[in-house]
Amino acid sequence: MENIVVSTFQNVQDATLGLNKLKDLDQLNDITIYNMVMIRKTAEGKFEFLYQDGPDTQDLPANGAMAGTLIGALAGPIGMAIGMLTGVMVGAADEDDTLEMSSEFLDAVNKRLAIDSVAIVLDVEEDGAFMIDSYLEPFHGTIARRDTAAEFDKFDQEQWQEVQDEIAKEEQQLKQARDEDKAAIKASIAKLKAASDEKMKKIRERNAKAKQHLQNKLKALDEKWKASNQQMKARIEQHREKLKEKLNHISQL
């Protein structure tokens, strides 16, 4: 399963050791890391990107401190990193959608980020939580994970259905309305339909961006497959098939 995994550490030393263990797991193909970043909180409202690697991290800020106000609208540094790494979360959705969908997850992570604490954010394929959790346990990493693509798909469906239900309710009222009330109800229906069209436009734009990110990940796995031995190739193949299934699903939407 492809997850966003966020591990928070009390200091750079533990986080760096944890980062190296994660790289080892990736090299062994026990997990497949598509993108990763490491962020340190330097002061209230200021953060530093200490490490970033992967095809989707190129648009992240250059290493160094940055003001939190620049990314406040994107639910903090964790939200910004997640958006860049996945293409389907923060940055691909409007601010209202982002905060409503992911506030619980992001708040739980951001609350652990005291000054000088560090977070590692992974976009990773993992068969279960045990591998990453057990490798980071000696370094006192606190871990949260989320299947973000599934969460956004669920969110889109709920938002879409909510608008459709409102339209159906207004159309039912229109059938029973007095003549003098019909104009206002028709205007309300038109407004709801416009909102429905805008929502569908955003869903399609997000799906197109997610599709591109999946294609980039498949290319990265292809390169990794070429450089691996036969045993490792079998594990990589399993991850490739999972990505292909997700790509086919998005292409059909």
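No lab work stands behind these numbers, since they all come straight from the coordinates. Remember, predicted model here, so these are calculated numbers, not experimental data. Because the Cβ atoms are built from the backbone with ideal geometry, glycine has one as well, and the counts that use them run over all protein chains shown.
Given R₀ = 30 Å, what would the calculated FRET efficiency be for ALA129 paired with MET232, taking r from the Cβ atoms and rounding to 0.05?
The formula returns an efficiency of 0.85 here.
According to a simple spin-label model (label point 7 Å from Cα along Cα-to-Cβ), what is the distance in nm between LYS244 and LEU174?
4.7
What lysines does LYS219 reach when the alpha-carbon gap must be under 18 Å and sequence neighbours fewer than 8 apart in one chain are set aside?
Partners found: LYS209, LYS211, LYS233, LYS242, LYS244, LYS246.
Taking the Cα centroid of region 1-18 and of region 184-253, what is the distance between the two, rounded to the nearest whole Å?
26
In nanometres, what is the gap between the two model label sites at MET1 and LYS202, each 7 Å from Cα along Cα-to-Cβ?
Spacing of the two 7 Å Cα→Cβ label points: 2.6 nm.
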